[in-house]
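For reference, the structure is listed below as structure tokens.
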Amino acid sequence: MMAKKKILIIGPIPPPFGGVSVHILRLSNLLKNDFNFDFIDESRKKKKEYSNIRSKKFLPYLKKIRNADLLYIHSGKNILRIIHLLIGKFFLKKVIITIHSYPAPPKLIGYIIGFIYRMANAVIIVNSETKTRLLLPESKCILKEAFIPPVFENESELPSYIFDWLSKNKKEDAPIICANASKLITYNNDDLYGLDLCIEVTKRLIEKGIPIKFIFVVASTDKNRKQYLKNQALIKVLRLEGNFLLINERLSFVKVIQLSDIILRPTNTDGDALTIREGLFLKKPVLASDVVKRPMNVFLFKNRNIDDLESQLKNLIQLIGSPHYQTVPSVESHNDLKEFYLQLIKNTFLQKNYNERQRFKFIQQP
């Protein structure tokens, strides 16, 4: 029997559970019977079972790359993607990069990045906006959403106090809105994940007599604990403790989505958001900022516009009470996704080197 190829996945490994780390976990589970996987973790939270790039142990890092047949890079920063790519090519390895988000760089830097990324055997881009920003030939690009559906038996149960909070409000027939953030950071001098908008819109709706319940989950506060505590204090000052639950937990957010009524994604930049895909998968109404092209059936509000957010939420709350309302999920099956990734990796191993720029018939999404 032929030995399985070894794939080295480089990126954030959960916990914490964010869009990219969950994608990595589900991808490796999807293909675990077909390949042997090894990992290099880029999370701030170090785990004993994984090598972490932040440990700065260069020799074990090089050994893992040398022993791999293929590098599958999911790093969030261009500099890390470039380092892994260059070292992988130094060892003559096949390389696939998935770019989960890509804020537009200055033009000259964009040309340099695009030139270096041509060394990869394939580059997966999760939305059309990223494709227009990234200067790559068509033969290198695969436009493909990152979502892989959950297998609920593999998802951890919610902490009891969160499950009880959600169940209690379900019984009281209060509309439950949920949103999340991997961490609290700013982008273009605004709250990237829109926590400030969530608190403000909850205040406005409560004042108008719409008794919503809001749960906002922050996966990690390691980098910005002060900002988390500042928002907790604001919730108390506004007397929203009974309506707004802000928590720092490493949990299965899809389980929160399962018990919520409306899924909100108020980010001011984005890739292919896992939160949105899971909401659609579970037939939940999803409201998102219009900062990038969103999937079909997603309701939109104007980015960073609190008045439009309030208006759209009020409309959605009325809509979900209608007996005629239903959403239609648009997601590939596990079997279809497995076939896509198997074909992608097979085609990658068929390539001789990056200079040939061979065009393979990849499955592409518009």
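Any idea which of G114, G11 is modelled with pLDDT under 95, small (G, A, S), under 26 Å from E129 (Cβ atoms) and assigned by TED's automatic domain parsing to the domain that holds P137?
One residue alone meets the criteria, G114.
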Unmet requirement for I276, which otherwise passes all of (1) under 18 Å from L197 (Cβ atoms); (2) over 14 Å from the mean Cα position of the chain (by Cα):
(2)
Of the residues S21, S43, only one is assigned to a helix (DSSP H, G or I), hydroxyl-bearing (S, T, Y) and crowded, with 17+ Cβ neighbours inside 10 Å; which?
S21
In segment 46-78, residue nearest to Y102 (Cα to Cα) [restricted to those that are outside any helix (DSSP H, G or I), more than 18 Å from the chain's Cα centre (by Cα) and in contact (Cβ under 8 Å) with a residue 12 or more places away in the chain]:
L71
Does any residue of segment 239-262 turn out to be over 25 Å from the mean Cα position of the chain (by Cα), over 21 Å from F163 (Cα atoms) and surrounded by fewer than 16 Cβ atoms within 10 Å (Cβ to Cβ)?
yes
Exactly one condition in (1) without any contact (Cβ under 8 Å) to a residue 12 or more places away in the chain; (2) surrounded by 22 or more Cβ atoms within 10 Å (Cβ to Cβ) is false for I13; which is it?
(1)
Report, by residue number, each residue of segment 287-300 that is hydrophobic (A, V, I, L, M, F, W, C) and in contact (Cβ under 8 Å) with a residue 40 or more places away in the chain.
V292
Mind checking which pairs have a first residue in segment 219-232 that is in the same structural domain as L251 (by TED's automatic domain parsing) and modelled with pLDDT of 95 or more and a second that is surrounded by 12 or more Cβ atoms within 10 Å (Cβ to Cβ) and assigned to a helix (DSSP H, G or I), Cβ under 6 Å, 6 or more apart or different chains?
N231/L195
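The values are calculated or read from the model by the stated rules, or taken from the named source; none is laboratory data. Only a predicted model underlies this, so the values are computations on that prediction, with no experimental measurement involved. Here Cβ is always computed from backbone atoms with ideal geometry, including for glycine, and neighbour counts include all displayed protein chains.
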